[in-house]
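The values are calculated or read from the model by the stated rules, or taken from the named source; none is laboratory data. Quick caveat: nothing in here was measured; it's all calculated off a predicted structure. Glycine also receives a Cβ, built like all others from the backbone with ideal geometry; neighbour counts cover every protein chain displayed.
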Amino acid sequence: MRVAFVHDWLTGMRGGEYVLREVLNLFPDSEIFTLLYIKERLDQVIESKKIHTSFIQRLPLASKYYRYYLPFFPAAVEEFRFDGFDLVFSSSHCVAKGAIPPPGVPHICYCHTPMRYAWDLYHDYFGHYKGLRKLFVSLMISRLRTWDVASSNRVDRFLANSSLVRERIRRYYNREAQVIYPPVDTDFFQCRERRKGEYFLAVSSHVPYKRIDLLLKAFKELKNFRLVIVGDGPLFKKHRKMATDNIKLIRAVSREELRRLYCDALALIHPGKEDFGMVMAEAQSSGVPVIAYGEGGARDIIKEGTGLFFYPQSHEVLIEVLRDFNPGDFSPREIRENSLRFSSQRFREEIQKVIREIMG
């Protein structure tokens with residue numbers, strides 16, 4: 001069976017790209033269609049495929065500033081042709097689900113989320129804009145929302161990566177979705193031994209909705225607690241200036257280094273509201289408890305005895321939870337067993353079942 005995989009853009013390995021890699025492994029005779037592709041930043045499984053790009057690839061400075069071409073994304077994804085393919089499978093957090101399949105060709109969308117900046121995080125991304133800039137963005141996003149809802153009708157079956165995303169699909173598209181949790185490399189993220197941790201860990205990009213600022217405020221007061229933050233992003237320099245001596249910021253680490261950081265941590269802290277939250281599942285796979293803001297994907301991942309929630313989303317409440325936290329209250333074995341619900345094998349089996357159903 002020939003499958004056309006549509007992915008928003010290929011600029012690095014994040015959660016969506018690991019999902020794409022897993023489904024590509026199921027179909028050797030497949031090709032990828034994406035708005036933009038930057039070579040040598042992806043897994044070999046992805047880079048070995050024939051990759052079709054849109055006109056976004058050819059626009060000036062697109063590799064660095066592609067997000068500024070957002071108004072052109074719908075037209076770009078609609079230009080792809082899928083003649084000769086038996087199935088279109090989109091992996092979408094932006095416009096990939098708007099691809100137009102030929103008549104009679106089924107379209108499955110694995111939705112990481114309806115585009116955040118057009119819907120529930122619009123004010124987080126654009127609330128600080130003023131004047132003509134605010135007016136322009138408001139008009140652009142309004143048109144994008146209309147297209148986003150209309151193009152959802154091109155999908156035959158929606159799959160969601162969490163209960164939160166399933167609810168967003170229902171709210172914005174008036175469509176039902178089946179939850180299939182994304183694949184976590186539970187074979188890799190496990191600890192042969194857990195050393196006594198001396199620090200709390202956060203693994204996150206430095207963007208507003210991840211709420212790294214909340215962590216920095218909390219640990220500024222908790223001077224006897226150590227925090228390691230792994231990740232990069234547009235707010236990295238600002239956060240580095242805010243960091244006190246008990247906070248260490250690291251832009252990037254290898255997978256092996258990340259595994260070690262998980263294994264040696266007291267707990268992973270996740271202060272933002274996530275669609276799913278792959279790093280929380282990786283930490284659980286490593287037997288590490290998670291302290292998370294009590295909304296979103298954290299509710300799917302953390303079960304009783306495997307971590308703690310804090311609510312509301314404030315540094316004062318987080319400080320109280322951290323002061324009461326006792327690592328001895330948690331069993332690494334039970335935490336890891338909880339994480340096996342997210343294994344790659346389980347993901348592949350559930351995806352194959354859905355494809356068999358839709359292909360008849």
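Per-residue answers, yes or no, for (1) buried (at least 16 other Cβ atoms within 10 Å of the Cβ); (2) on the phi > 0 side of the Ramachandran plot; (3) among the acidic types (Asp, Glu); (4) touching an Asp or Glu at 6+ places or on another chain (Cβ under 8 Å):
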{"residue": "216", "(1), (2), (3), (4)": "yes, no, no, no"}
{"residue": "227", "(1), (2), (3), (4)": "yes, no, no, no"}
{"residue": "247", "(1), (2), (3), (4)": "yes, no, no, no"}
{"residue": "256", "(1), (2), (3), (4)": "no, no, yes, no"}
{"residue": "266", "(1), (2), (3), (4)": "yes, no, no, yes"}
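State the number of residues belonging to segment 1-55 that are of a type in the set (A, V, I, L, M) and either closer than 18 Å to residue 83 by Cβ or assigned to a helix (DSSP H, G or I) (or both). Explain how you work it out, then say what you get.
Taking segment 1-55 and keeping what is of a type in the set (A, V, I, L, M), we get 1, 3-4, 6, 10, 13, 19-20, 23-24, 26, 32, 35-36, 38, 42, 45-46, 51.
Subset that is either closer than 18 Å to residue 83 by Cβ or assigned to a helix (DSSP H, G or I) (or both): 1, 3-4, 6, 19-20, 23-24, 26, 32, 45-46, 51.
Summing the residues that are of a type in the set (A, V, I, L, M) and either closer than 18 Å to residue 83 by Cβ or assigned to a helix (DSSP H, G or I) (or both) in segment 1-55 gives 13.
Could you check segment 153-228 for strands (runs of 3 or more DSSP E) lying wholly inside it with 2 or more residues that are in contact with a strand residue (DSSP E or B) (Cβ under 8 Å, 6 or more places away or on another chain), in the same structural domain as residue 350 (by TED's automatic domain parsing) and β-branched (Val, Ile, Thr)?
Numbers: elements: 157-160, 177-179, 199-203.
Per the criteria, no element qualifies.
Which one of these does residue 304 not meet: (1) in contact with a helix residue (DSSP H, G or I) (Cβ under 8 Å, 6 or more places away or on another chain); (2) charged (D, E, K, R); (3) not in a helix (DSSP H, G or I)?
Single failed check for residue 304: (1).
How about segment 249-283: which of its residues are more than 27 Å from residue 121 (Cα to Cα) and in contact (Cβ under 8 Å) with a residue 24 or more places away in the chain? Walk me through how you get there before you give the answer.
Within segment 249-283, the first condition is being more than 27 Å from residue 121 (Cα to Cα), and the residues that meet it are 253-267.
Scanning segment 249-283 gives 255, 258, 259, 261, 262, 263, 264, 265, 266, 267.
Look through segment 249-279, keep the residues that are β-branched (Val, Ile, Thr) and within 19 Å of the chain's Cα centre (by Cα), and return whichever of them is modelled with the highest pLDDT. Give the derivation first.
Here is the first cut: in segment 249-279, the ones β-branched (Val, Ile, Thr) are 250, 253, 269, 279.
Imposing the further condition that a residue be within 19 Å of the chain's Cα centre (by Cα) reduces the set to 253, 269, 279.
Numbers: 253: 94, 269: 98, 279: 95.
The selected residue is 269.
In the set 69, 125, 117, 129, which member is surrounded by 16 or more Cβ atoms within 10 Å (Cβ to Cβ), without any contact (Cβ under 8 Å) to a residue 24 or more places away in the chain and over 30 Å from residue 360 (Cα atoms)? Give the derivation first.
Values: 125 fails: without any contact (Cβ under 8 Å) to a residue 24 or more places away in the chain; 117 fails: without any contact (Cβ under 8 Å) to a residue 24 or more places away in the chain; 129 fails: surrounded by 16 or more Cβ atoms within 10 Å (Cβ to Cβ).
Step by step, each of 69, 125, 117, 129 is checked, and only 69 is surrounded by 16 or more Cβ atoms within 10 Å (Cβ to Cβ), without any contact (Cβ under 8 Å) to a residue 24 or more places away in the chain and over 30 Å from residue 360 (Cα atoms).
Just to be sure, is residue 232 over 23 Å from the mean Cα position of the chain (by Cα) and surrounded by fewer than 18 Cβ atoms within 10 Å (Cβ to Cβ)? Spell out the reasoning first.
Numbers: over 23 Å from the mean Cα position of the chain (by Cα): no; surrounded by fewer than 18 Cβ atoms within 10 Å (Cβ to Cβ): yes.
No, not satisfied.
When only residues in segment 132-141 that are under 12 Å from residue 71 (Cβ atoms) and in contact with a helix residue (DSSP H, G or I) (Cβ under 9 Å, 6 or more places away or on another chain) count, which is surrounded by the most Cβ atoms within 10 Å (Cβ to Cβ)? Spell out how you get there, then give the answer.
The first filter runs over segment 132-141 and keeps only residues under 12 Å from residue 71 (Cβ atoms), leaving 136-137, 139-141.
Add one more test, that the residue is in contact with a helix residue (DSSP H, G or I) (Cβ under 9 Å, 6 or more places away or on another chain), and what stays is 137, 140-141.
On the way: 137: 17, 140: 14, 141: 20.
Only one residue fits best here, namely 141.
Filter segment 188-210 down to the residues that are under 20 Å from the mean Cα position of the chain (by Cα) and surrounded by fewer than 20 Cβ atoms within 10 Å (Cβ to Cβ), then identify the one that is modelled with the highest pLDDT. Before the answer, list the steps.
Step one: of segment 188-210, the residues under 20 Å from the mean Cα position of the chain (by Cα) are 188-189, 201-210.
This time we only want the ones that are surrounded by fewer than 20 Cβ atoms within 10 Å (Cβ to Cβ), so: 188, 205, 207-209.
Values: 188: 95, 205: 90, 207: 86, 208: 85, 209: 86.
In this case the residue turns out to be 188.
So, in segment 292-326, of the ones that are aliphatic (A, V, I, L, M) and under 26 Å from residue 117 (Cα atoms), which residue ends up surrounded by the fewest Cβ atoms within 10 Å (Cβ to Cβ)? Show your work before the answer.
Keep residues of segment 292-326 that are aliphatic (A, V, I, L, M), which gives 292, 298, 301-302, 308, 317-319, 321-322.
Then keep just the ones that are under 26 Å from residue 117 (Cα atoms); that gives 292, 298, 301.
Numbers: 292: 29, 298: 23, 301: 28.
It comes out as 298.
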